[in-house]
Each structure stands twice: as C-alpha cells, then as structure tokens.
Amino acid sequence: MTYVIAEPCNRDQGHGLRGVCPVDCIHPRKDEPAFDSVELLYIHPDECIDCGACEPACPVQAIFTEDDLPEQWKHFTQMNADYFK
C-alpha cells in the first residue's frame, strides 16, 4: 500500500511529519537541495514501510493510502512517482 501526500498540504505544514516517520521517508528533507524548490512533500514508495504513522499526524489531513485518495487528488499519485524518478 502506497501513501500519498495530496492537497491541502504544503512543504511548511509537513515539517512535523518527519518526527513521526520511523524510516524518514518523507522528502525532501531540510538538508536536501530540493527542499527550497518544491511546494509539496513526497513519501518515497520504496522507503515507506506502510506503518501509517504519518496519516493521523498530518495537521491538515492530506495523507491518504493510494486506494483511499479522493478522486479530485488522484493526480498526486503520479506527481509523487515522478518526484522519485
């Protein structure tokens, strides 16, 4: 199961998520070059262990499993995949 960050998240709201992810799979991190150039955060599908800890911790309820992603935000699945290509 893949987790996807969708609207209404933005990079600044997601800072606290990094502390709840046991494998630190939410990118870009503050120390990564892309941090200042992206609007959203992304969950690395190969690093994620599907624990679900990020979903209830999201302050704006923007994290969903791929299967539960609202129809209007389905395109975020491809955006997430493209980020890690």
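The values are calculated or read from the model by the stated rules, or taken from the named source; none is laboratory data. Source: prediction; values computed, not measured. Cβ atoms come from the backbone with ideal geometry, glycine included; neighbour counts cover every protein chain shown. We work out accessible area using only protein heavy atoms, side chains counted, and drop any ligands, DNA or RNA first. Shrake-Rupley method; radii C 1.70, N 1.55, O 1.52, S 1.80 Å.
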Open item on the list: Restricting to region 73-85, give me the number of residues that are in contact (Cβ under 8 Å) with a residue 40 or more places away in the chain and open to solvent by 40 Å² or more (accessible area, probe 1.4 Å).
Closed with: 3
Task: Qualifying residues in region 55-85 (those that are part of a helix (DSSP H, G or I) and among the polar types (S, T, N, Q)) - the one farthest from the chain's Cα centre (by Cα) - done: Q72
TODO: Output yes when any residue across region 50-62 is open to solvent by less than 40 Å² (accessible area, probe 1.4 Å), modelled with pLDDT of 90 or more and touching a Pro at 6+ places or on another chain (Cβ under 6 Å), and no when none is.
DONE: yes
- [ ] Collect the residues in region 59-85 that are out of contact with any Cys (no Cβ under 7 Å at 6 or more places or on another chain) and closer than 15 Å to V20 by Cα, keeping them in residue-number order.
- [x] P59, Q61
Open item on the list: Given the condition under 13 Å from P8 (Cα atoms) and in contact with an Asp or Glu (Cβ under 9 Å, 6 or more places away or on another chain), answer yes or no: does some residue in region 47-57 qualify?
Closed with: no
Open item on the list: Going residue by residue through region 30-39, is there one that turns out to be outside any loop (DSSP other than H, G, I, E, B), among the aromatic types (F, W, Y) and crowded, with 17+ Cβ neighbours inside 10 Å?
Closed with: no
